[in-house]
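The values are calculated or read from the model by the stated rules, or taken from the named source; none is laboratory data. This structure is a prediction, so every number in the text was calculated from the model and none was measured. Every residue, glycine among them, receives a Cβ derived from its backbone with ideal geometry; neighbour counts consider all protein chains shown. All accessible areas refer to the heavy atoms of the entire protein, side chains included, with ligands and DNA or RNA removed. Shrake-Rupley method; radii C 1.70, N 1.55, O 1.52, S 1.80 Å.
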Amino acid sequence: MRITVVGDVLLDVDINGAATRLSPDAPVPVVDVADIRRRAGGAGLVATVLAHDGHEVALVTALGNDDGASHLRRALTGVSVLAGAPLAPTPTKTRVRIGTHPMVRFDEGCAPAPIPLSTAEMLAAIASAEAVVVADYGRGITTNPDIRTALAEAARRVPVVWDPHPAGSEPVAGVAVVTPNLAEATASATTGGLDPSRTGAEEAGRYLLGKWGSGAVLVTRGEDGAVLLSAGGRAQGIPAPKTNVADPCGAGDRLAGSLAVHLGLGLELAQAATKAVEDASAFLAAGGAASLAVVGEAPAASPAVELKGLELVDAGDLSPDGVHLARAVRSRGGTVVATGGCFDLLHAGHARTLAAARSMGDCLIVCLNSDESVRRLKGAHRPIVSVEDRAELLLALECVDAVVVFGEDTPEACLSEIRPDVWVKGGDYTPQELPEARLVAGWGGRCVTVPFHPARSTSGLAAALAKVS
């Protein structure tokens, strides 16, 4: 689908490290930096996620020529960036984390900015889109009168989903859905005169529906899901799937982008909103915005093995190069194929399955169980071969392009990150019987099974070796 994202871009920087001592200068922790990861935030995150899904994405924004902008352009690989003249420095938000705990955030260049300029190419991208997402972060792009006119015209032709911001401008009339979070909705409603003690998601949504003149308002409520309100209809609660969330950053961006896609594909409003809430939950379960950090320095303390130009990071982590490969292949219109398993004691049956899988697309990514995952699934005596060696053997096969290591018992989170077009498994059951079938179908992928090869199994090989020893 051809999607145009209109909005303000930010540069998000994560500095990750460990702290084992205090500074001699002051009672503050000394952070030993392990890595620095940069990613596109704001409208840039929406565009990155949609491009990751395989859509043709144009980003209409304002982007300068400073160092932060250069990092953003690198992070926006696969996105057609159409930017007006630079009028302000790149807003940068730097978070310092010790382990998984955020310690401090530094904001640079986040002062109010002048209204950015627009170009003919930017307006043409809005006019030619099959769906539009507006990610307003209060930096002025949605205040530009020419862009507002183009958005109003687009709203008469295609679905326009508007994700508002307290410091931003009001949505243009006629957009399909506006997606404020609960705090934004209630704040706007109480500013308009509603009693704050009696204003919940439904009351605020009703007020904003009339104020903005949109087709619908979807008030998001974090882990409690969302409330959908449309003209003349009853409020509809949409529950969110239960998810373990380490970092909720990016959930609203994922939801707005998915909602525009589902509406653009012709889904009815309530169905599209339900699927968008599910997509946002799956996005968080897969690591959220932090999982999209594609620009940065490699961990200094993490030894890496360079194979086929790809990097295998230490066990339990998603290999960023496997994820990058999927994005790159998808951005060129190629087919991403994935398969998974323990692959302990690689044998001819494995090789045949992998070769068959590779023939179905333009790259093959193997989702590999970590040592801890194998032990939970197979018992304390397994794996026989360590994850580092298993990955190296797989990458030595010509048909394998990348390996992604996951530590869970099932590959769902790993699959949600890679989003393969084809998921291949060996077995004698139908593709619909695979437990991953529903997940893969959620982004338009399909499951394929290839038959097991008799007398070729890791268990049989291990038993034979035990007899020899």
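Under the rule of at least 5 residues apart or a separate chain, name every residue whose amide H is placed under 5 Å from the amide H of VAL404.
Amide H neighbours of VAL404: VAL366, CYS367, LEU368.
Can you find, among ALA40, THR90, VAL336, the residue sitting farthest towards the positive end of the charge dipole of the chain, where Lys and Arg contribute +1 and Asp and Glu -1 at Cβ?
Projecting each Cα onto the dipole axis, the largest value belongs to VAL336.
Leaving out ligands and nucleic acids, and using a 1.4 Å probe, what accessible area per residue does the chain come to in Å²?
Heavy-atom accessible area per residue stands at 44 Å².
Ordering CYS414, CYS249 from largest to smallest accessible area (1.4 angstrom probe), what's the sequence?
Largest accessible area first, the residues go CYS249, CYS414.
Tell me, what is the percent relative contact order of the range 66-207, built from C-alpha pairs under 8 Å that lie six or more residues apart?
Answer for the range 66-207 is 15 percent.
From the protein chains alone at 1.4 Å, what is the descending order of accessible area for ASP12, ASP32, largest first? All intermediate terms of the calculation are to be shown ahead of the outcome.
Numbers: ASP12 10, ASP32 70 Å².
Heavy-atom accessible area, descending, gives ASP32, ASP12.
Separation of the range 49-66 and the range 405-422 by C-alpha centroid, Å?
Going from one Cα centre to the other spans 25 Å.
Where nothing but the Cβ of Lys and Arg (+1) and of Asp and Glu (-1) is charged, how large is the charge dipole of the chain around its Cα centre, in debye to the nearest 20?
That gives a dipole near 760 debye.
Given a Förster radius of 51 Å and the C-beta distance between ARG157 and VAL104 as r, what FRET efficiency does 1/(1 + (r/R0)^6) yield to the nearest 0.05?
0.65
Quick check: net charge around SER230, other residues with Cβ under 15 Å of its Cβ, Lys/Arg +1 and Asp/Glu -1?
Net of charged neighbours comes to +1.
Find the lysine pairs in the chain meeting two conditions, Cα atoms under 28 Å apart and a separation of 8 or more places or different chains, and report how many there are.
Working: LYS211/LYS275; LYS242/LYS275; LYS242/LYS378; LYS242/LYS425; LYS275/LYS425; LYS308/LYS425; LYS378/LYS425; LYS378/LYS467.
Here the count comes out as 8.
For VAL33 and SER386, FRET efficiency with R0 = 25 Å and r from the beta-carbon atoms, rounded to 0.05?
Details: r = 28 Å, r/R0 = 1.12.
The calculated FRET efficiency here is 0.35.
Which one of ALA135, ALA173, GLY232 has its Cα pushed farthest toward the positive end of the charge dipole of the chain, where Lys and Arg give +1 and Asp and Glu give -1 at the Cβ?
Checked the options; the winner is GLY232.
Kindly work out what percent of the DSSP beta bridges joining two residues of the range 51-150 are antiparallel, to the nearest 5.
Bridges in the range 51-150 that DSSP calls antiparallel: roughly 60 percent.
I'm checking a number: the convex hull volume of the Cα atoms of the chain, normalised per residue, in Å³. What is it?
With only Cα atoms used, the chain gives 171 Å³ per residue.
So how much slack lies between ALA183 and ARG2, counting 0.36 nm per residue of separation and subtracting their Cα-Cα distance, in nm?
Going from the current span to full extension adds 62.0 nm.
Please figure out what share of the DSSP beta bridges in the chain is antiparallel and state it in percent, rounded to the nearest 5.
Among the beta bridges of the chain, antiparallel pairing accounts for roughly 40 percent.
For the range 140-191, what relative contact order do you get, as a whole percent, if you take Cα pairs closer than 8 Å and at least 6 residues apart?
Reported as a whole number, the value is 33 percent.
Rg over Rh of the range 1-115, using C-alpha atoms and the Kirkwood radius, what does it come to?
On the Cα set of the range 1-115, Rg over Rh gives 1.07.
What percent does the relative contact order of the chain come to when contacts are Cα pairs within less than 8 Å and at least six residues apart? Mind dumping the intermediate values first?
On the way: 1010 pairs, mean separation 55.4, N = 469.
After rounding, I find 12 percent.
Show me the helices of the chain, taken as full DSSP H stretches, that run 30 Å or more along their long axis by Cα and average -0.5 or above in Kyte-Doolittle hydropathy. Working shown, then result.
Working: long enough: none.
Qualifying helices: none.
Report the gain in length on full extension from GLN271 to ASP224: 0.36 nm times residue separation, minus Cα-Cα distance, nm rounded to one decimal. It would help to have the intermediate numbers written out before the result.
Details: separation 47, 0.36 × 47 = 16.92 nm, distance 1.74 nm.
Here the answer is 15.2 nm.
Express the carbon and sulfur contribution to the solvent-accessible surface of the range 43-119 as a percent, rounded to the nearest whole number, probe 1.4 angstrom.
57 percent
How large is the convex hull of the Cα atoms of the range 341-428 per residue, expressed in Å³ as a whole number? Display every interim value, and only then the final one.
Numbers: hull volume 8.7 nm³, N = 88.
Normalising the Cα hull of the range 341-428 by residue number yields 99 Å³.
Looking only at the range 1-85, where both bridge partners belong to it, what percent of the DSSP beta bridges are antiparallel (to the nearest 5)?
Details: 13 of 23 bridges.
Antiparallel bridges: around 55 percent, rounded to the nearest 5.
Between THR335 and ASP195, what is 0.36 nm times their sequence separation minus the Cα-Cα distance? Round to one decimal in nm. Kindly include the intermediate steps, with their values, before the conclusion.
On the way: separation 140, 0.36 × 140 = 50.40 nm, distance 5.32 nm.
Length difference between fully extended and current span is 45.1 nm.
Of ASP362, ASP136, ASP279, which has the most accessible area with a 1.4 Å probe, and how do the rest follow in descending order?
On the way: ASP362 90, ASP136 5, ASP279 25 Å².
Largest accessible area first, the residues go ASP362, ASP279, ASP136.
Near the amide H of VAL5, under 5 Å away, which other amide H atoms are found, from residues 5 or more places off or on another chain, if H is placed in the peptide plane?
ALA58, LEU59, VAL60, VAL133
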